[in-house]
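Heads up: the structure comes next, in structure tokens.
Laboratory data are not the source of any read-out in this text; all were calculated from the coordinates shown. All values derive from a computational prediction rather than experimental measurement. Don't worry about glycine lacking a Cβ; one is built from the backbone with ideal geometry, like all the others, and counts go over all protein chains shown.
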Amino acid sequence: MVNLSGVGEKTERKLKKIGILKAEDFLQYYPNHYEYFPYLTYIKDLAHLEEGTVVSIWVQLKVNVMRSGKVTRIWGEDSSGDINISWFHPPYTVRQLKRGSKAVLRGPISFFRDKPCMFQPSLYSPEEYKELLGKMLPVYPSTSGISQRLLRSCVREALEMEISETLPETVLQKYNLYSRADALREIHFPKNEFTQKQAVYRLKFEEFYQFKKELAENYAAEEPNACPMKKSSLLNNVVIKGLPYTLTNAQQQAWKKLETELCGKYRVNQLIQGDVGAGKTIVGFLAMLLAVDNGYQAVLMAPTEVLAEQHYEDMMGFLKNYNLPYACVLVTGTTKQKKAIYRRIADGTANLIIGTHAVISESVAYQKLGIVIIDEQHRFGVSQRTSLQNKGKRPHVVTMSATPIPRSLGLILYGDMDISIINERPANRLPLKNCVISRSDRSKAWRMIYRQIQQGRQAYIICPMVEQNPLFPVADVQSYAEFLRKEYPPDIQIGILHGKLSAKEKASIMEKFQKNEIQLLIATTVVEVGVNVPNASVIMIEDADRFGMAQLHQLRGRVGRGKWQSYCIFVNGNNDPCERLDIMKSTNDGFVIAEKDMELRGVGLLLGERQSGKTSFVLVDVYHDTEILRLAAEAVEESNKKSSRRSK
């Protein structure tokens, strides 16, 4: 970049901080807004405008520049009236003005005692402004020491380079798109708003097209099934029929689809997406048992020790209830204990393996890994998931998520995967009742929790903090537990759970809670994922306005897992109404919540996890640009069909 005008080694280091590593990077360093240079407005017409309107006016100074402390003022006029203009730390050009000087000022208009005035406007000579008149000048995200003037100059030079086309000519013609070179010129230095919008449309189309093309290539490259399986009569005729409940239609469909694919010609790469409490875990367990019944090892990776422990206990219950001759291990414990577990995994005597990221440590070697189940896949990075898959000879991969995502976003994030959706709740479960309360109403909630405990139920109270912090005036686990131990009678056992406890302590507390030896569990969001205590009927979430909607939905899913009516109480720690909490109160449907969540805050980091390939989104907004996505997907499909015909 040092070959660009005005870019030395010092500036180059600053540019690297904002992601510009080479000259070509300037092409995709898009403006975040534009400065418009409208035709001049007479001073007398300013009275009809709203305060804050950006205008340009021509003035002639009535008096010399005046300075009062840090403020510099000028008094200007045109043929229709006069105006007061002031600056803090004015640019050098202001200080050169004298009585009679002529200038054009551009900035937001304000009023003082019904008189128009301007504060901190940009100043141009009449000749300079004439050159800019009617144009849109890009304003880029910047950092200290890099001026807009330098960025614009570098972008102009980069636009002089040869710009290669990324879309087929047939696509450009069919969808009436700008060439890439024209689109880049018009997004940086547009002739007008129309050409700028056309440029943005073309570049969004390109981002979607490249992404869908990459997904299509990955999806088309179906791998042969390196771990072939046969259907198991033991599973279908004994285990499934012997369950203490009937699988919902959605669960049955998800299992049949997964079973068929595991026994098919190609390697499975499938996402099972189930709303909170819809029962996706049983489908994962059945897949693990099918793999082991076919002579393979099966591994389940969970995001937390609490959830891994729960999965282990549930699987052990399966093996005991059906007298299944399989060995299940939980990868946890001391170094000595883990070494013993690793040996059992390596020699194949352990064929059902459950754990957290410990299952992908270098010490773990699998004898014959056939299937990988990744629970709450969004909690793991791409590298972690890949490490687990690489432990075997191309094992099947089933990822599970209880975080519903909108359909449009699902097409983007998981377009290269088969998706099964489990959106039915078991028939014996009643819908949750939700309410939003203020802090002043908490005593009513505590009395309600007490009544539920008296009836034999259990409850959660969720706090954002472990202990008091004067910088964050929110509820904390330690103080809350101390307070309620004084308020509630001593026969009500209150436990606390948070991330600072050891794995052994957390497991002990959860075991006591599951056995109803603890009636009220006061915890942080460590219970957010997967914890299953059917007897718990109330969850109260303190300072709920501080949590995201997806997290609130996950927390709420800790109750409503039994046959009793369950309740979720959101405590708004803010005096102002909270739209997110109103939405949470109005629906229990995770997919509706996901749509609303994306409306409120956009896609945000949801896309970042999946963007591990060459393509990344810079301009697109998945929620608002679904029509462009549809057309880009259509173009990729048509292009692939033509390529297929030519290859025959």
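Assorted remarks:
- Reachable lysines from K70, criterion Cα separation under 16 angstrom, eight or more residues apart if same chain: none
- For the stretch 20-27, putting each phi into the Karplus relation 6.51 cos²θ - 1.76 cosθ + 1.60 with θ = phi - 60° gives couplings of 9, 9, 8, 4, 4, 5, 5, 5 Hz, in residue order, rounded to whole numbers and with x for Gly and Pro.
- Paired Rg and Dmax values of the stretch 433-601, which use every Cα atom, in angstrom: 15.2, 47
- Taking 18 Å as the limit for the C-alpha separation, the pairs K280/K500; K257/K391; K135/K191 exceed it in the case of K280/K500; K257/K391.
- Our summary gives the chain a relative contact order of 12 percent, counting only alpha carbon pairs under 8 angstrom and 6 or more residues apart.
- The C-alpha atoms of the stretch 34-138 occupy a region whose extents along the principal axes are 35, 30, 25 Å, arranged from largest to smallest.
- The antiparallel fraction among DSSP beta bridges confined to the stretch 34-138 stands at about 90%.
- Annotation for the stretch 100-162 versus the stretch 40-56: alpha-carbon center distance of 17 Å.
- Amide hydrogen neighbours beyond the local backbone of T53, cut-off 5 Å, H modeled: I109
- Out-of-range pairs (alpha-carbon distance over 30 Å; input K44/K197; K10/K212; K230/K320; K596/K642; K320/K515): K44/K197; K10/K212; K596/K642
- Summing +1 for each Lys or Arg and -1 for each Asp or Glu among the other residues whose beta-carbon sits under 10 angstrom from that of V59 gives -1.
- All aspartates and glutamates inside 12 Å of K16 as judged from Cα atoms, apart from same-chain residues fewer than 8 positions distant: D25
- The stretch 108-191: mean projected area of Cα convex hull, nm²: 9.4 nm²
- Measuring nothing but how far apart in sequence close Cα pairs (under 8 Å, 6+ apart) lie, relative to its length, the stretch 1-113 scores a relative contact order of 24 percent.
- Placing unit charges on the Cβ atoms only, positive for Lys and Arg and negative for Asp and Glu, gives the chain a dipole magnitude near 940 debye about its Cα centre.
- Integer Hz, Karplus 6.51/-1.76/1.60 couplings in order for the stretch 545-550, x for Gly and Pro: 5, 8, 9, x, 5, 4
- Partner lysines for K14 [C-alpha distance under 18 Å; skip if fewer than 8 residues away on the same chain]: K22
- Residues whose amide H falls under 5 Å from that of T166, counting only those 5 or more places apart or on a different chain, are R180, with hydrogens built in the peptide plane.
- Folded to 0 to 90 degrees: helix 148-159 orientation relative to the chain principal axis, Cα: 80 degrees
- Environment charge of I187, counting only residues whose C-beta is closer than 10 Å and scoring Lys/Arg +1, Asp/Glu -1: +1
- Taking amide H atoms as placed 1.01 Å from N in the peptide plane, the amide H of L497 lies under 5 Å from those of I522, A523, T524, each 5 or more residues away in sequence or on another chain.
- Theoretical gain in end-to-end length, K102 to K500 [0.36 nm per residue, Cα-Cα removed]: 136.5 nm
- Neighbourhood net charge (15 Å Cβ-Cβ; Lys/Arg +1, Asp/Glu -1) for R439: -3
- In the stretch 244-331, the ratio of gyration radius to Kirkwood radius, Rg to Rh, stands at 0.94 when only Cα atoms are counted.
- With eigenvalues of the C-alpha gyration tensor scaled by 5 and rooted, the stretch 8-76, Å: 39, 21, 11
- The angle between the Cα long axis of helix 626-647 and the longest principal axis of the Cα atoms of the chain comes to about 70 degrees, rounded to the nearest 10.
- Peptides ranked, highest mean first, by Cβ atoms within 10 Å: ranges 228-235, 492-499, 436-443: 492-499, 228-235, 436-443
- For the stretch 433-601, the antiparallel share of DSSP beta bridges with both residues in that region comes to about 5%.
- Listed candidates [x] 42, 37, 23; [y] 98, 65, 18; [z] 57, 35, 22 - label of the one calculated as semi-axes √(5λ) of the Cα gyration tensor in Å: [z]
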